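Working notes, structure below.
Every number here is computed from the coordinates shown, using simple stated rules; none is lab data. Please read all numbers here as calculations on a predicted model, not as lab measurements. Ideal geometry is used to build each Cβ from the backbone, glycine not excepted, and the neighbour counts take in all protein chains shown.
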Amino acid sequence: MPTDVPQPPDSKASSPHGDAEDLVDLNLDDSLEGDLQSVADEVASEYHTQVVPELDDSEPLPAGNTDLRVDLESALTEAEHQMEDLLRREAELMDQQRRLAADFNNFRNRAQRDIALAVEQAERKILLEMLPVLDNFERGLGATYQDVESFRSGVELIRKQFLEAFRKLHVEPLPLEVGDPFDALNAEALTTFADPNMPDGAVAAIYERGFNLKGQLLRAARVVVNRLQDSGKS
């Protein structure tokens, strides 16, 4: 009596893991040599061969991937050129900065020398204008005078010479005289004085004359101001 032999399942039946070609043969009915470790190694090797096939470098890349690679290489080349340009520009700017710093240092040193030279020349000019006045003072001290009026005339000549030296240096006396109205912009009141023969607020006396230098106030005059008391006040 024939015995029904169980048939293997239909190879075309659907499997949750995909097609039959992707399945790993785990049939252990055949005789195996070695221990379980050898079986595991063999199964793993077969699975790796079926699931993860080796890539062949000789196979050409798809057209889209080739274009992408070309674009990336072109972008990288352009970026390298831009980096070289930036480095070259940085070197140029650093060189310009060093040159400007050196030029400014030279300009500062030259300006300081020019200022010092100008101050020295101005001092020399002032001293050269004052020395003749000193010479006349020494001559006046060594001279003999018949009376006080002669001595006074000599001193007045020296004063005029001194004012002329000032004028050459652009120094002019303030046009202020006794009896002029007090001007707080050009004069300083030291004290007050009551003189009924002079108007109230007038300059009663000049202690120190004021001077202008090139139209600017050099020194304010120091004066006494006439201040009349109010007759209505005690």
Counting Lys and Arg as +1 and Asp and Glu as -1, what is the net charge of the other residues whose Cβ lies under 11 Å from the Cβ of Ala221? -2
Let me check I've understood the local charge: for His170, count other residues with C-beta under 12 angstrom from its C-beta, Lys and Arg +1, Asp and Glu -1. What total comes out? +2
Going by a ≥ b ≥ c, the root eigenvalues of the Cα gyration tensor, does segment 102-234 fall in the rounded group (a/c under 1.5), the prolate group (a/b larger than b/c) or the oblate group? oblate
What list of ³J(HN,Hα) couplings, whole Hz, do you get for segment 90-106 from phi and the Karplus terms 6.51, -1.76, 1.60, once you set θ to phi - 60° and write x for glycine and proline? 5, 4, 5, 5, 5, 5, 4, 5, 5, 5, 5, 4, 5, 4, 5, 5, 5
Once Lys and Arg are counted +1 and Asp and Glu -1 for all other residues with Cβ under 14 Å from that of Met198, the total becomes -3
Segment 118-234, dipole about Cα centre (Lys/Arg Cβ +1, Asp/Glu Cβ -1), debye to the nearest 20: 260 debye
Please work out the C-alpha center-to-center distance from segment 161-234 to segment 102-131 and express it in whole Å. 36 Å
Beta carbons within 10 angstrom, averaged per residue: use that to sort the peptides 191-198, 206-213, 218-225, 112-119, highest first. 218-225, 206-213, 191-198, 112-119
Theoretical FRET efficiency, 1/(1+(r/R0)^6), r = Cβ-Cβ of Leu163 and Leu100, R0 41 Å, to 0.05: 0.20
Whose amide H sits under 5 Å from the amide H of Phe193, counting only residues 5 or more places off or on another chain, with H placed in the peptide plane? Val225, Asn226, Arg227
Rough spin-label spacing in nm, given labels placed 7 Å along Cα→Cβ, for Lys214 and Arg110: 2.3 nm
